[in-house]
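Have a look at the structure below before the remarks.
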Amino acid sequence: MTPIDTFFRVMERLRGSQHHAKTSALWIDALRLVVLCLAMTGFTRALAPDAEIRFANDDRLTGSLESFAAERLVWISPALEKPTPFELSKILELRLPGNPAPVHGKSELVLNLTNGDVVRGGLAMVNDKVVALETLFGGRMEFNRAMIADARIEASSEIVYRGPTGLDGWRQTGDSDVWTYGRSSFRSSGVGGIGRDDLLPDVCSIAFDAEWKGDACSLKVVVFSENVTTEPANSGYELTIQRGNFRLKNCASQNYLGSGNAQVLVVADKAHFEIRANRRNGTFCLFINERIAEVWTDTGFKNDAFGNSLQFVSLGSQSQRVSAIRVSKWDGVVDGAAEARAGAAVEMQRPWGTSLSTVKKAQREDGMRLANGDFVAGELTAIENGLVVTKTRLGEVKLPVERLRTLALRSTSPERAIRRNGDIRVYFTDGSHLVFRLDAVDQGRLVGSSQNFGRALFGMDSIERIEFNIYDPALEPMRSAEKW
């Protein structure tokens, strides 16, 4: 008999009890059993009733997770007479109630691995073999350097928002709601906007990932507007990204600050954007895939009334997907970036002012790309007290981690983790996701292994979703349809 079964039997005894003292004692026993149940399973968060299991035949069953083993799980649901076991081979995915994850210290390193995994953590150590991170979900983890595709550093000390984690606090425009939430993302099904009031600091950085169906991105981002339900906006600034081109407009004056283009927005179906904006002086910087695309200064800037709203607007009927939204304070420094001007087109193959030969050479070297777009080539030798130490041709260079944008960690002989029976894909509440073989479940923690990081333990409290049978081609259409 499980602790949950025992608990319900005690509750039945309470219902028929007449003696006050005896009832009090039974209540104490019942509470003790609740604590014991949670301690034994380790699934305090997973026992919430809004979890969902999705089967390989696309049936769904809400409820809560009683227990979890390497080959099956036991599910509790109002639709079931009793806790029921289900084989993992019959399950597409398990969704757990997501709780926003805390941020890592002053900065966090985001690793993109060669197999498509993404992991976030505090940078702990780098050598010629591994990159060590302090993660929120698995503690200290060491990642095989040969399996790292690229790495970027995000300042997290002054993050004011990271999500999305749901639709709460966001408002939509248009005759009908075209934006939905799922899998830590907003997804559009037509023309319309979704925004949030009172979100942006006066001097801020707005980073996000965008994906699109069709041949090009078709998205508008409005910053510093006074009301997200007003469309088109009559205050703030409007960045339009459409068919490889981008342009910035002052919504109050209707004056365009300039435009540019980026080939990556035509040939790819996703990109990482960052907008750095200063509503105190009308300065704006746009980064695409960590490379500076444009810097604008509003020559007609007037310190009129601005709002603090952020809005994403889908401009077409084809789906757009916005995820990994991060709003943080910005120090306003643009030294070393492109000279502020009225928006000439920018070649996106390299940072502004950097020769193509320099970029190609930098891509073959270890080093660091700075927040202003500069690149320091050299060998990473140590991390000391929040400083990255790099040995360059000109000597040793030390720079604070939070002033960096990327670390060039590409291996000269990149490798990809092998696929193994029992592999699952786990999505964590901080935005990380990893593929690993599920070896065991120990005291409410998943025990997993991978060539990417070796062996690690993962607490269930940090998990948002688990995908099973990830290499079954028959299930891929279901996963793809769910994404969009």
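Things to note:
- Out-of-range pairs (alpha-carbon distance over 25 Å; input K129/K270; K220/K329; K129/K398): K129/K270
- Packing around the peptides 393-404, 459-470, taken as the average count of other Cβ atoms within 10 Å per residue, puts them in this order, highest first: 459-470, 393-404.
- Put a plus charge on the Cβ of each Lys and Arg, a minus charge on the Cβ of each Asp and Glu, and nothing anywhere else: the dipole of region 160-329 about its Cα centre is then about 320 debye.
- The order of Y161, Y256, going from fewest to most other C-beta atoms within 10 Å of their C-beta, is Y256, Y161.
Every number in this text was worked out from the coordinates using simple rules, so none of it is lab data. These figures come from a predicted structure and were not determined experimentally. So basically every Cβ, Gly included, is an ideal-geometry build from the backbone, and we count neighbours across all protein chains shown.
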